[in-house]
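Written below as structure tokens is the structure these notes are about.
The values are calculated or read from the model by the stated rules, or taken from the named source; none is laboratory data. This is a predicted model, so every value here is computed, not measured. Cβ placement follows ideal geometry from the backbone for every residue including glycine, while neighbour counts extend to all protein chains displayed. These area figures cover heavy atoms from the full protein model, side chains too; ligands, DNA and RNA do not enter into them. Shrake-Rupley method; radii C 1.70, N 1.55, O 1.52, S 1.80 Å.
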Amino acid sequence: MIRRVLGAALTAAALALAGCGVGPSGVLGGGQAPTGLAPGTPVYFVDDEGGLVVQRRGDRLSTIGQAMKMLLTTTSPGPGLRSYAGTSQVALELPIATSGDVITVGLPIDRADVRREIGLDQLACTALAVHQQSGGSPATRVRLDFLHGPAAGPRHCPVLPQG
Amino acid sequence: MTPVARVTSVLGGLRPRLILAFVAVAVTGAAAAAWASAASAGTALVEETQSRIAGEIERTVTATAPSMPYPPGQAALDRLRTTIGGSALVTYGALRSANGPAVDLVTPALRSATGRTEQLVLQRVESGGRPWLVIGAPVLVTDLSGAQRPSGVEIYAVRDISRVQQQIDALTANASRTSALALPIAVLLALLAARGVLRPVRELRTTARRLGSGDLGARLRPRGTDELAELAETFNETAASLERSVGELARLEADARRFVADVSHELRTPLTTLTAVAEVLEAEVEQMPRDAREPARLAVAETRKLARLVEDLIEVSRFDAGAATLRPEEVEVRAAVHDCLRARGWLGEVELDAPAELGALLDRRRLDVITANLVGNALRHGAPPVVVRLRGDDERVYLEVIDHGPGLADDVARHVFDRFYKADTARTRSEGSGLGMAITAENVKLHGGTISAGTAEGAGARFAVSLPRWAGEGR
């Protein structure tokens with residue numbers, strides 16, 4: 001009787017020991033894979049029908065600040081496309097701040113420079129597209145701060161997943 | 001007993017077995033608990049380390065990738081590999097950027113799993129006696145629709161995790177020490193438990209021994225209501241029943257002996273008268289008519305025999321009642337034996353083989369009874385020559401009576417000192433009372449001596465008596 005109990009206890013101890021340690025293993029799942037590659041920076045413009053269209057610039061995804069600069073410095077986006085987001089010859093890095101699920105972008109333009117409501121969508125979509133493609137959450141919204149005039153948002157982009 | 005057998009018998013005892021079982025259970029339990037907790041802590045440690053390393057790589061790559069051109073060139077792959085650090089391998093199609101010797105540890109299984117899945121994968125491998133963690137990660141492209149697909153860029157990183165092994169070793173060593181700590185405590189507890197269990201057993205043994213050695217009043221004190229207390233009660237009941245039975249038997253035997261003693265005493269007085277009358281009758285027998293002479297002689301002989309039987313019965317009763325006492329005095333044994341033989345007229349038939357003088361402290365009357373009974377028995381049942389051999393050393397006196405008859409069979413020798421024992425069953429009446437040898441044995445016992453019967457080499461029956469030479473001393 002005692003011998004049987006002893007045997008069972010030893011077996012349990014041996015099994016417990018066998019479960020631990022850093023011996024060789026098989027292939028295990030290790031969670032989320034990295035992302036962030038993209039064939040160019042997404043920048044949003046408006047076509048003739050008034051819809052939002054993405055255009056790729058450069059050869060890499062780059063950052064939100066770079067994307068915003070690309071949007072604001074483009075005066076002639078191409079045939080059939082126009083921009084309502086205003087223009088600025090920005091030389092400095094734009095101030096980007098993230099708190100919780102809101103990204104705040106400090107724009108070097110006045111609110112009045114954004115000529116239509118869809119211009120705000122261009123700005124928001126460009127920022128959120130870079131954010132989502134570099135692994136950011138689709139639930140994140142963007143707030144646009146202007147040099148003069150009230151801030152816009154926080155808002156989603158109408159043509160991107162809104163998690 | 002061989003050493004092995006001694007060890008086996010010592011370890012087979014109740015106490016060592018109890019202690020061994022107790023210690024085995026306690027230590028095994030402690031070891032199992034300590035090792036199980038060490039094992040689960042170790043597993044948690046390994047998992048935590050794995051996910052920490054995987055998370056680091058995922059964050060590093062995700063932070064670097066947006067600044068990488070896609071599709072990447074060799075320079076981009078090199079930069080990504082440098083950012084990851086350590087032993088790493090980055091591939092894109094035919095392009096390959098590798099650093100560190102450990103990249104050989106990436107197994108084909110991990111490579112094929114990395115190519116198939118959209119998840120980060122891990123594998124632990126061992127090389128050079130150290131554990132390594134290999135991470136395989138496909139870099140994904142996230143579409144604007146939110147869908148993800150492999151970009152074709154794959155990253156492999158190899159990390160040394162021997163520190164985790166050391167921490168687990170430390171945990172296991174700690175568990176072993178904890179288990180070892182349980183050992184003295186278990187021994188202590190086992191000793192206490194064994195004492196509690198074994199005390200009643202020891203008492204039972206002591207009491208049983210007292211009972212066996214004749215102390216019929218020995219009892220246990222039952223304590224508690226457990227199985228051992230039940231055993232003690234049963235034991236007490238058995239002992240009480242035994243005491244009752246033995247007491248009853250002793251009482252019956254005492255009654256029987258008292259009856260014999262009383263009857264003998266009652267018979268003595270009329271028999272004395274009867275013996276006197278018989279002696280007168282014997283003196284007158286020649287004057288009787290011829291046909292009355294033979295019955296008269298027979299009556300006289302039987303009367304004398306009856307008187308001797310009663311005397312012997314009274315003597316035996318005295319021994320039974322414990323009333324027989326030893327009266328030691330200085331005796332010259334050779335002279336005493338010689339006197340005994342002469343008084344009964346046996347000097348012509350018996351050869352006395354004795355040293356010149358043999359002084360001793362014995363009861364003279366009882367020595368006479370012993371000698372007379374043994375020699376009388378030899379003359380009656382054995383055949384001449386009868387030899388009485390007397391010897392002595394510092395401690396004892398040896399008296400041997402040897403005849404040259406047929407000797408004693410073993411079963412006769414065993415019973416020859418029983419009361420009324422007759423070796424020849426066909427002879428229902430003997431000249432003796434049937435108590436002579438019993439009385440002889442009682443007298444020897446009273447001296448603290450021994451008597452034995454057997455057959456002598458080249459002779460007949462041999463009775464050997466050994467008496468302490470100074471039997472009276474210390475009384």
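Which is the longest stretch in chain B that no exposed loop site breaks, taking sites as chymotrypsin sites (Phe, Trp or Tyr not before Pro) with a DSSP loop state and at most 15 other Cβ atoms within 10 Å? Before the final figure, lay out each step's value.
Values: sites that count: B:Phe420, B:Tyr421.
In short, B:1-419.
Rg over Rh of the range B:111-160, using C-alpha atoms and the Kirkwood radius, what does it come to? Spell out each step's value before the answer.
Working: Rg = 13.4 Å, Rh = 12.0 Å.
With Rh from the inverse mean 1/r over Cα pairs, Rg/Rh is 1.12.
Classify the range A:41-155 from the C-alpha gyration tensor, please: rounded if a/c falls under 1.5, else prolate or oblate depending on whether a/b exceeds b/c.
Values: a/c = 1.39, a/b = 1.14, b/c = 1.22.
Verdict is rounded for the range A:41-155.
For a quick check of your reading of the filter: which chymotrypsin sites (Phe, Trp or Tyr not before Pro) in the range A:33-114 sit in a DSSP loop and have no more than 12 other Cβ atoms within 10 Å? Present the calculation step by step, with values, prior to reporting the outcome.
Working: sites: A:Tyr44, A:Phe45, A:Tyr84; in loops: A:Tyr84.
Counting only loop positions with at most 12 other Cβ atoms within 10 Å, none of the chymotrypsin sites (Phe, Trp or Tyr not before Pro) in the range A:33-114 qualifies.
Quick one: Cα centre-to-centre distance for the range A:37-103 and the range B:287-345, in angstrom?
The range A:37-103 and the range B:287-345 have Cα centres separated by 152 Å.
On a 0 to 90 degree scale, rounded to 10, what angle separates helix B:74-84 from the longest Cα axis of chain B?
It works out to around 40 degrees.
Angle check, please: helix B:290-320 long axis (alpha carbons) against the longest principal axis of chain B (alpha carbons), in degrees 0 to 90, nearest 10.
40
For the range B:228-320, with the dipole built from +1 on Lys and Arg beta-carbon atoms and -1 on Asp and Glu ones, taken about the Cα centre, which of B:Ala292, B:Thr272, B:Ser317 lies farthest toward the positive end?
Of the listed residues, the answer is B:Ala292.
Counting partner chain Cβ atoms within 10 Å of every residue's Cβ in A:150-159, what's the average? List each step's numbers first, then the result.
Working: counts 0, 0, 0, 0, 0, 0, 0, 1, 0, 2.
Shielding by partners across A:150-159 averages 0.
When only Cα pairs under 8 Å and 6 or more residues apart are kept, what is the percent relative contact order across the range A:41-155? It would help to have the intermediate numbers written out before the result.
On the way: 225 pairs, mean separation 31.1, N = 115.
Contact order relative to length: 27 percent.
Express the carbon and sulfur contribution to the solvent-accessible surface of the range B:13-168 as a percent, rounded to the nearest whole number, probe 1.4 angstrom.
On the way: 3850 of 6810 Å².
The computed percentage sits at 56.
Of the options B:Ala356, B:Ala335, B:Asn373, report the single residue whose Cα projects farthest towards the positive end of the charge dipole of the range B:335-379 (beta-carbon charges: Lys, Arg +1; Asp, Glu -1).
B:Asn373
With all protein chains present, how much of the accessible area of the range A:41-155 (probe radius 1.4 Å) comes from carbon and sulfur, to the nearest whole percent?
Values: 2510 of 5020 Å².
That fraction is 50 percent.
In the range B:329-468, what percentage of the DSSP-assigned beta bridges are antiparallel, given to the nearest 5?
On the way: 23 of 27 bridges.
If I count the DSSP bridges inside the range B:329-468, around 85 percent turn out antiparallel.
At a threshold of 8 angstrom on Cα-Cα distance, excluding pairs fewer than six apart, so keeping six or more, what relative contact order does chain B reach in percent? If you can, show how the numbers build up before the last one.
On the way: 621 pairs, mean separation 45.2, N = 475.
It comes to 10 percent, rounded to a whole number.
Quick one: length gained pulling B:Arg210 to B:Asn99 fully straight, 0.36 nm per residue minus the C-alpha distance? Don't jump to the answer; show the numbers that get you there.
Numbers: separation 111, 0.36 × 111 = 39.96 nm, distance 9.00 nm.
Full extension from B:Arg210 to B:Asn99 adds 31.0 nm.
Using a 1.4 Å probe on the protein heavy atoms, what percent of the accessible area of the range B:181-338 belongs to carbon and sulfur? Mind showing how you got there, number by number?
Working: 6360 of 10540 Å².
Of all accessible area on the range B:181-338, carbon and sulfur atoms account for 60 percent.
Ignoring ligands, DNA and RNA, what accessible area per residue does the protein assembly as shown give at 1.4 Å, in Å²?
Details: 33670 Å² over 638 residues.
Value for the protein assembly as shown: 53 Å² per residue.
Under the classification rounded if a/c is under 1.5, otherwise prolate if a/b is larger than b/c and oblate if not, where does the range B:240-350 fall, given a ≥ b ≥ c as square roots of the Cα gyration tensor eigenvalues?
Working: a/c = 3.32, a/b = 1.43, b/c = 2.33.
Taking the square roots of the gyration eigenvalues as a ≥ b ≥ c, the range B:240-350 is oblate.
Going by alpha carbons, how many degrees (0 to 90, nearest 10) lie between the helix axis of B:436-447 and the longest principal axis of chain B?
Computed tilt is about 60 degrees.
Compute the distance from the alpha-carbon center of the range B:14-43 to that of the range B:178-245, in whole Å.
The two parts, judged by their Cα centres, are 30 Å apart.
Let's test the formula: R0 of 25 Å, r as the Cβ-Cβ distance of B:Leu347 and B:Arg304. What FRET efficiency results, to the nearest 0.05? Provide the component values of the computation, followed by the final result.
Working: r = 23 Å, r/R0 = 0.92.
Calculated transfer efficiency: 0.60.
Please report the antiparallel percentage of the DSSP beta bridges confined to chain A, to the nearest 5.
On the way: 13 of 18 bridges.
Just about 70 percent of them are antiparallel.
Taking the Cβ-Cβ separation of B:Thr269 and B:Glu230 as r and a Förster radius of 45 Å, what is the calculated FRET efficiency to the nearest 0.05? Before the final figure, lay out the partial values.
Working: r = 60 Å, r/R0 = 1.34.
With a Förster radius of 45 Å, E is 0.15.
Excluding ligands and nucleic acids, what accessible area in Å² is computed for B:His447 using a 1.4 Å probe, to the nearest 10?
Probe radius 1.4 Å; accessible area of B:His447 about 10 Å².
With the radius of gyration and the Kirkwood radius both derived from the Cα set of the protein assembly as shown, what is their ratio Rg to Rh?
1.60
With +1 assigned to the C-beta of every Lys and Arg and -1 to the C-beta of every Asp and Glu, and no other charges, what is the dipole magnitude of the range B:90-198 about the Cα centre in debye, to the nearest 20? Mind showing how you got there, number by number?
On the way: 10 positive and 7 negative charges, 58 e Å.
That gives the range B:90-198 a dipole magnitude of about 280 debye.
Which value, in debye to the nearest 20, describes the size of the charge dipole of the protein assembly as shown about its Cα centre when Lys and Arg Cβ atoms bear +1, Asp and Glu Cβ atoms bear -1, and nothing else is charged?
Details: 70 positive and 70 negative charges, 495 e Å.
Here the size comes out at about 2380 debye.
Counting only protein heavy atoms and rolling a 1.4 Å probe, how much accessible area do B and A lose on contact, total for both sides, in Å² to 100?
Numbers: alone 27800 and 9590 Å², together 33670 Å².
The summed interface area works out to 3700 Å².
Report the relative contact order of the range B:228-320, percent, no decimals, based on alpha-carbon pairs under 8 angstrom and at least 6 residues apart.
Here the relative contact order equals 38 percent.
Run lengths n ≥ 4 of DSSP H only: what is the helix-derived mean residue ellipticity at 222 nm for the protein assembly as shown, with -39500 (n - 2.57) per run over all residues, to the nearest 500? Walk me through the intermediate numbers first.
Details: 14 runs with 310 residues, N = 638.
Using -39500 (n - 2.57) per qualifying helix, the result is -17000 deg cm²/dmol.
Within chain B, what percent of beta bridges assigned by DSSP are antiparallel, to the nearest 5?
Expressed as a percentage, antiparallel bridges in chain B total about 90.
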